[in-house]
Structures are given as C-alpha cells and as structure tokens.
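To start, the structure under review is shown below, and the notes come after it.
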Amino acid sequence: MNSGIDLQGTFITSLTDLGLPPGLAKVFWMPLPMLLMIIGATVAILVSVWLERKISAAAQQRVGPEYVGPQGSLQPAMDGLKLIFKEDIIPGNADSILFTLGPILVILPVFISFLIVPFGQNLLISDVTIGVFLWIALASIQPIGLLMSGYASNNKYSLLGGLRAAAQSISYEIPLALAVLAVVLMSNSLSTIDIVQQQSGYGILGWNVWRQPVGFVIFWIAALAECERLPFDLPEAEEELVAGYQTEYSGMKFALFYMASYVNLVLSALLVVVLYLGGWESPIPVGFLADLLGVSETNSAVQVITASLGILMTMFKTYLFVFLAILLRWTTPRVRIDQLLNLGWKFLLPVALANLLITAALKLAFPFAFGG
Amino acid sequence: MNLAEGVQLVSFIILAVAMIGAALGVVLSPSVVYAAFLLGAVFISISGLYLLLNASFVAAAQILIYVGAVNVLILFAIMLVNKREDFQPVKFAWVRKAVTGGVCAGLFLLLGTTIITTPWAFSTETPIGDDAIYLIGEHFFSDFLLPFELASVLLLMALIGAIVLARRDFLPDAALTSDIENLKLPERPRELVSAAKTEQ
C-alpha cells in the first residue's frame, strides 16, 4: 500500500531546507489544515442549508430560493450575513453568562470533531489513535451546552427543550457507541484511517456496510437522533415548545445553534461514510484502474488524481446521506417523546448489544472476513 | 527549553489555574447550578492534564464519563427537582465554614508535605502514549480482572435499582387516607413476582 501524497512531510522538509528548525516548521504547518477544515465545514453548512431549502421546496412542489445567485445558491450566505447584523438580544431575566456560553459549548465540540475526519490517506488534521472514540467523547459535551442555554433563557419552553435535547442525546449515544464498537472490533483500531484501510482493496464489495448492515442502520438512526433531525426533532418541536432551547435566541447566538445542527449533520454523514462506506475509497479501486491502464500507482499524476478522487468520493457519499436526511425530514412525521425513548432504550440498545456480540462471534469464527 | 516544552509549560499553567479556579468556584458558589457547570469545567481541565501526560485514551474517557454522563446527570437532578423552599438563615453559620476551611487547609498541608517529602521512584521508561489502549485492555482481562468484573457487577446493581425505582406504581392523591401513610412514598404495595405466580 503506497502512502499517497504527504503534504505535511513535503511542507516541513521544504521549510527546514530554508533553514528553519523542524519544530518551528511544524508550527507553521499546523494552522493550515485546521483553517482549511473550518472553511470547508462552513461551506458545507451553506451547501446543506441550500440543499435543505431546495429539496424541501421540491417535496412541497414549490420553487424555493431562486433570486440570490444561480438557483438561489447564495441565499444561505445572505441569511448568514443578515444574522450577523441582527441585534444581539439577551432577555432581561436571563442569566447573561450562561446564555452566551451555551451556544459556544454546543458548536465547539462539533468543529473540534473534524480533527479526525479523513479525506485521504494523509488528508486529515491529525491521525489520533483514539479516533472515533474522541468523536463520541466530544459529542457528549453538547448536552451540557443545551442544558445551559435552556436553563439560562429563563423560559419554560427553553428549559423543557434543553432537558429533552439532553435526554435524547444521552440515550442515543449508547447505541451509537455500540454500533461504532462493532466496527472497531472488526478493524482492530479506533483510528479513522485504519478503519478505512481495513475496508479498502475490494472496492464496493469490501465496505463495512455489507458486514455490518444492522450496525449501519442503528448508527444512522442514532446519528439522526443526535443531530435532532426531523423524525427525532422533539427538542425544538414548534407545535409544542415554540423552538425549544433556541426560543430566546436571536442574531449570531441563534446562528451558532443553527450552524451547529447543520455541521453536526454533515459530520455524522461523514462518519457514516468513513465507518461503513469505505471513506475515500471509490466503488472500483483506483489501483485496479491504474493497473488496467498500465500506469504505476506511485506515479505523481496518478497520486494527485487519486487524492482528488478520494475527496470527491467522500463528499459525494456524504451528501448522499445529507440528501437522505433531508428527504426523511420532509417525509416522516415526528415521533413522541415516549416513542423516542422506547425506541432508543428498548429496541436500539438490545439490538446494538446483540450486533456487537454477533460481530465478536463472527470475528472468532471467520477471522479472514471479519478482521481477525 | 525548546518550543514543545514551552507550549507544554504554558498549557499546564493555564489548565492548573483553570482547574483550581473552577474547583474553588464549585465549593464557594452560592448557586448550585453554577457549581454544577463549574464541576464540568474542572473535569475538562483534568482531562487536559491527562492529555499533557500523554494519556489520550484516559483523557477522552474522562470527558465521556465525567462530563458526558456524571455531570449531565447532576444537572438533570438539579433541574428536575421542583421544590421551592427558602433556606432559613442558620445561626453561627460562620463557625461551620471556619471549621470546614480549617479541615480543608489541614488536609491540603498534610498532603502537600507528603508529596514534597516522599522520595518518589520516577520511572525511566518512556511513556507508552498512544498504545495505552491495548495495554489497558490486557490488564483488564488479566491481573485486574476482579476489580473490573466487580465494577461491572456494581453497575448492574445500580441499573436494576434504577429500574425498580422507575417502575414504582404511585397511588393517585385521592386514595391517600391516613396521615401516617403520608410520610412514606405513596406507593402501591406490590407482591413479589414468584408469590403472584403461585396465586394464579
């Protein structure tokens, strides 16, 4: 397996050739991928908001945004600008410190989680060994922010929404973690890079979705619930709770919640792709195609094409799932809170546990197919 | 001192100050909600210290368990308690505070002198770092098997206890008659499962 393009290594060696110490060269390198990822995530929000509005319009036989930019594609950016210029209102009896801190605590963990999202062999911020576990741990900080903003708003709808959101994300974190654990069991590693590596080689046939169909469904349901997407958007159910924990928020603080929910959706879709759909791998392995054409895989042109194809593939599969989530949002009714908790605790949790046990048994029985 | 050591020192100072400040806030804050949120800050600073010690798995586990589970449960408990009660001012409240402060200061001095005077045996091995997950797993299933299993039995007991508490059948208010019964939780007396089966 060749390692592909190593931008970090090249950047650091070229800076050390200029006479900089290696430590300093690394310091100069570090902000670049982070900035790129933050910009990428922000653009991903704008794209998914635009998709959401266009697809919802199509589902309801409307046109949707069409005046700002081609096909209304600049509408989300204009909405963002509008929110920046809006007055930042803190209600009179609200707790101003917690009211400000809440949205920040909601959005920070999501952006930090992009640390582990790979777009190629070396195309990620940092290949931490605890990979997906870091994502699960960071996602567990979010409920605190939701509770904080719900409490600080000093509004009964906000408090109820915050409590619901926290209850929902705690209960769906467990099936989510168990589904991830089954994948980790098969790839013998928590690192996202290793998880994709383990699925590579056979193209579409090697992807985890064939070996973990139950885990895949559990993960997707739990991820939707974590993102508070529509079948599970009780914390902000308009008919019951006005807007849940966001009721009192306006301007940029509201925008933080809004961004957090869409980034979370994109992040969850990215992780579905990484864990179950072979990450940056194309359905037909690139190495196989290169062999057919008689080009060496270490050829620099092939490597550039492989890397760009990897990014394209990841984004394509991710937006397929974002599309699915949006379609689900506009076609399914909302579940009740008791149905939601019953589904989480009485159905998904036992099924996820059984899935984990069966995966362990299959791994012992067929080590060649289930990563012995 | 090179760049990495400098960054490490600065982050240690920031984390230590944040942790001590937040911990003092937990104890001294009059508002219980603030205390609970500050407790979360303490846990996060501790996980930062673990990161500085090259224990990334322990750091993530610290966040997942203490911030994501324990602290959220504490907040839930605070926010779901619906008891409006004004606290009566206690006479000589300062005596209690002074005694508590004295005990805490004594404990701090005792532990501080112990830490300084003990000749610690520093290990010369390089820290295992990222491979710690494998080592922790091996220890759990070899020489630390008993504590590990005992902890899981403890958790199972807590789980069953929670289910028993949650499945109580409360009587409606009208059914309550005697005042003595009011002191207890208005709960419908339930037969044991085996006894109920023999009656049928």
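The values are calculated or read from the model by the stated rules, or taken from the named source; none is laboratory data. Nothing here was measured: the structure is a model prediction, and the numbers come from that model. Neighbour counts run over all protein chains shown; Cβ positions are idealised from the backbone, glycine included. Note: areas computed on protein heavy atoms with side chains; ligands, DNA, RNA excluded. Shrake-Rupley method; radii C 1.70, N 1.55, O 1.52, S 1.80 Å.
Couple of notes before you dig in:
- Vicinal HN-Hα couplings computed from phi for the range B:55-71 (Karplus, 6.51 cos²θ - 1.76 cosθ + 1.60; Hz; Gly/Pro x): 10, 5, 5, 4, 4, 5, 5, 4, 5, 4, 7, 7, 7, x, 10, 5, 5
- Occluded residues from the range B:119-137, i.e. those whose accessible area drops by 20 Å² or more once the chain is not alone (1.4 Å probe): B:ASP130, B:ILE133, B:TYR134
- The distance from the alpha carbon centre of the range A:200-236 to that of the range A:149-170 is 26 Å, rounded to a whole number.
- Label point distance in nm, A:ARG62-B:GLU125, each placed 7 Å from Cα along Cα→Cβ: 6.4 nm
- Total accessible area lost when A and B pair, probe 1.4 Å, Å² to nearest 100: 2100 Å²
- Alpha-carbon centroid distance for the pair the range A:26-60 / the range A:277-321, whole angstrom: 22 Å
- Peptide-level mean, for A:140-148, of C-beta atoms on other protein chains within 10 Å: 6
- MRE, 222 nm, helices only [DSSP H, n ≥ 4, -39500 (n - 2.57), over chain A, to nearest 500]: -21500 deg cm²/dmol
- With distances taken between every two different alpha-carbon atoms, the protein assembly as shown has a Kirkwood hydrodynamic radius of 27.1 Å.
- FRET efficiency, B:LEU155 to B:PHE92 (Cβ-Cβ, R0 35 Å, nearest 0.05): 0.25
- Selection of GluC sites (Glu not before Pro), the range A:240-314, meeting DSSP coil and at most 16 other Cβ within 10 Å: A:GLU297
- With all pairs of different C-alpha atoms in the average, the Kirkwood value for the hydrodynamic radius of the range A:15-131 is 18.2 Å.
- Under a 5 Å amide H cut-off, with hydrogens placed 1.01 Å from N, A:LEU124 pairs with A:PHE119 among residues at least 5 apart or on other chains.
- Spin-label model, A:SER296/B:ASP143: points 7 Å from Cα along the beta carbon direction are separated by 5.0 nm.
- Loop trypsin sites (Lys or Arg not before Pro), the range A:1-110, which have at most 12 other Cβ atoms in a 10 Å radius of their Cβ (DSSP): A:ARG62
- Note on A:MET78 and A:TRP29: with the Förster distance fixed at 41 Å, the Cβ-Cβ geometry gives a FRET efficiency of about 0.75.
- Averaged per residue, the range A:101-191 has 26 square angstrom of accessible surface, using a 1.4 angstrom probe with ligands and nucleic acids left out.
- Partner shielding of A:188-197 amounts to 1, given as the average count of beta-carbon atoms from other chains within 10 Å of each residue beta-carbon.
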